[in-house]
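Take a look at the structure set out below.
No lab work stands behind these numbers, since they all come straight from the coordinates. Please read these numbers as outputs of a predicted model, since none were measured by experiment. A quick note on method: Cβ atoms are made from the backbone with ideal geometry, for glycine too, and the neighbour counts reach across all protein chains shown.
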Amino acid sequence: MERSYLIAGNWKMNKTPSEARVLAAAVTKMKCGANTRKMIAPSFVCLPAAAEAIKGSDVILAAQNMAAFESGAHTGETSVLMLKELGVRAVILGHSERRHVYGERDALINEKVKLALAHGLDVILCIGETLKEREQGRVNDVCFGQLEGGLAGVSMEQMARVVIAYEPVWAIGTGKTATPEDAQAVHAACRGKLAALYSKKIAECTLIQYGGSVKPDNAAQLMAQPDIDGALVGGAALDAESFAGIAGFNI
Ligand code: PGA
C-alpha cells in the first residue's frame, strides 16, 4: 500500500509571533510533490499568528506539546481545548526534549496521547534512543518500549490519527543524521512492532516520520527508504528556503 508523506516543521522555542507569521505565510507558498502534506508546529504563543497566516491554505497547524489535563490548577500548562479553539489539528508528544530535558515519562506521554485523540487531534508520537542506548545495542528495545508505553489504551480506530516520529536523540540538532539504511532498519522494526500491537494493516497504514538533522540535501535519500514516510524537522524548518527544499524533496 502506498502511504503519504508528512513534512512537519517543529519550530521549538524559536520565532516571536511576528516572525512566526512571516514564516507561516512562506510555508503556505511552498510546493510539495505528490502525496505530501506540510505541517508547522510553532510555540504556543505563536499559534494565533501562524493560524491567521495559513488560513485557507493546505498547511496543517500543530502544537509542540499539551497538558495531560483538560483544565484546572496546572500553572504554566496549555490545554487541548485552548489549542483546538486556535485551529490546532495535531500535537507533537513525547519529543526527546520533553523526555530528556523536562523528564516526561511514557505514562505521562500516554495520558496526553489519549486526551489529544479523545478530543479529535492528530498525534505525532516521538520515539528514539540516546547514543548510550544505541551503543548498548538497545535501539529496538527502547523504541518498542516507547511505542508500547505511549500507545497504551489507544484503539485500532484511533491509530488512523497517530503518526510515529523516529528521532534518534543523538541526531537531533547535532548535524549527525542516521544513515538512510540505519533509519530504515529502525522504521521497519517499529512497523513490525505496530503489527504486533495492532494489526498488519494498521502497521502498513501508519506514517513513520524520521527526525534528526534532516536537511534539504539528505531529505530525498531518507524519504526514498520504503518505511520512511516524511520528516520531523527542527533547525532546518526555521529558514523558509531550507524548509522549502525539504517539503519539495519529491518535486
Ligand atoms: P533537528 O530537530 O532537525 O534540529 O535535528 C529535529 C527535532 O527535534 O524534531
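Worth pointing out:
- For the stretch 5-247, the Cβ-based charge dipole about the Cα centre amounts to some 320 debye (Lys, Arg positive; Asp, Glu negative; other atoms uncharged).
- Relative contact order of the chain, defined on C-alpha pairs under 8 angstrom at six or more residues apart (%): 23 percent
- For the stretch 1-33 versus the stretch 99-119, the gap between their alpha-carbon centres in whole angstrom: 23 Å
- Restricting the stretch 142-232 to GluC sites (Glu not before Pro) in coil, as DSSP defines it, with at most 16 other Cβ within 10 Å: E157
- Measure of compaction for the stretch 65-182 (Cα Rg per 2.2 N^0.38 Å): 1.10
- Each principal axis of the Cα cloud of the stretch 5-247 was evaluated for its coordinate range; sorted largest first, these ranges are 45, 44, 33 Å.
- Whether the stretch 22-127 is rounded, prolate or oblate, judged on the alpha carbon gyration tensor where a/c under 1.5 counts as rounded: prolate
- Restricting the GluC sites (Glu not before Pro) of the stretch 1-69 to loop positions (DSSP other than H, G, I, E, B) with no more than 11 neighbouring Cβ atoms within 10 Å leaves E2.
- Where the Cα pairs of the stretch 69-130 fall when distances are cut into 5 Å bins, in %: 4, 18, 27, 26, 18, 6, 1, 0
- Members of K193/K215; K12/K38; K31/K55; K31/K215 lying beyond 19 Å, as alpha-carbon distances in this model show: K193/K215
- Filter on K84/K112; K112/K200; K29/K176 - keep pairs with C-alpha separation over 18 Å: K112/K200; K29/K176
- With at most 13 neighbouring Cβ atoms within 10 Å, loop trypsin sites (Lys or Arg not before Pro) (DSSP) excluded, longest segment of the chain: 177-251
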